[in-house]
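The values are calculated or read from the model by the stated rules, or taken from the named source; none is laboratory data. The model shown is predicted, which means the values in this text are computed figures rather than measured ones. Because the Cβ atoms are built from the backbone with ideal geometry, glycine has one as well, and the counts that use them run over all protein chains shown.
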Amino acid sequence: MKAVFKQTPTHRAMVFMRTAGYTPYSNREGDESFVRRAAGGGEFPRFHVYVEESKTPMTLSIHVDQKGHTYEGSKAHSGEYFGQAIADELARISAAIGVPMAILVDKKGNPLER
């Protein structure tokens with residue numbers, strides 16, 4: 001699921017994502033993102049967020065990793081990309097950093113108010 005900020009955050013992604021309880025994460029290819037463990041305390045499930053700071057407006061892409069990669073060298077994993085839990089997490093991030101967001105739901109990227 002994607003969301004856009006209605007206002008530009010006052011801090012860089014590293015700062016506001018940490019404020020929202022996320023930890024920086026870098027995959028094997030060097031892609032930078034952020035993760036937050038869901039209830040249960042293990043490595044999975046976890047929320048996984050990519051922030052596109054260079055876009056205007058700034059965009060977040062979020063999904064839930066249910067478990068890790070099944071096969072060595074594979075990018076495939078069990079993930080959820082839509083649903084109430086993800087929409088609720090976007091609302092939680094928005095409230096934590098004090099910047100409103102609009103959730104993008106269609107393939108054209110048209111925002112729908114939350």
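General remarks:
- Note on the range 45-56: residues that are exposed (fewer than 15 other Cβ atoms within 10 Å of the Cβ) and either outside any strand (DSSP E or B) or touching a residue at least 40 places away in the same chain (Cβ under 8 Å) (or both) amount to 4.
- Condition met for Glu53 (among the acidic types (Asp, Glu), over 16 Å from Ala95 (Cβ atoms) and within 13 Å of the chain's Cα centre (by Cα)): yes
- Residues (over 14 Å from Glu80 (Cα atoms) and out of contact with any His (no Cβ under 9 Å at 6 or more places or on another chain)) located in the range 31-47: Asp31, Glu32, Arg37, Ala39, Gly40, Gly41, Gly42, Glu43
- Pro24 surrounded by fewer than 15 Cβ atoms within 10 Å (Cβ to Cβ) and either under 16 Å from the mean Cα position of the chain (by Cα) or not polar (S, T, N, Q) (or both): yes
- Flag if Tyr50 is modelled with pLDDT under 90, out of contact with any His (no Cβ under 8 Å at 6 or more places or on another chain) and of a type in the set (Phe, Trp, Tyr): no
- Subset of the range 14-28 [small (Gly, Ala, Ser) and at pLDDT 95 or above]: Ala20, Gly21
For every residue, the table says whether it meets (1) surrounded by 13 or more Cβ atoms within 10 Å (Cβ to Cβ); (2) modelled with pLDDT of 95 or more; (3) touching a strand residue (DSSP E or B) at 6+ places or on another chain (Cβ under 9 Å).
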{"position": "Val35", "(1), (2), (3)": "yes, yes, yes"}
{"position": "His77", "(1), (2), (3)": "yes, no, yes"}
{"position": "Glu80", "(1), (2), (3)": "yes, no, yes"}
{"position": "Gly83", "(1), (2), (3)": "no, no, yes"}
{"position": "Leu90", "(1), (2), (3)": "yes, no, yes"}
{"position": "Asp106", "(1), (2), (3)": "no, no, yes"}
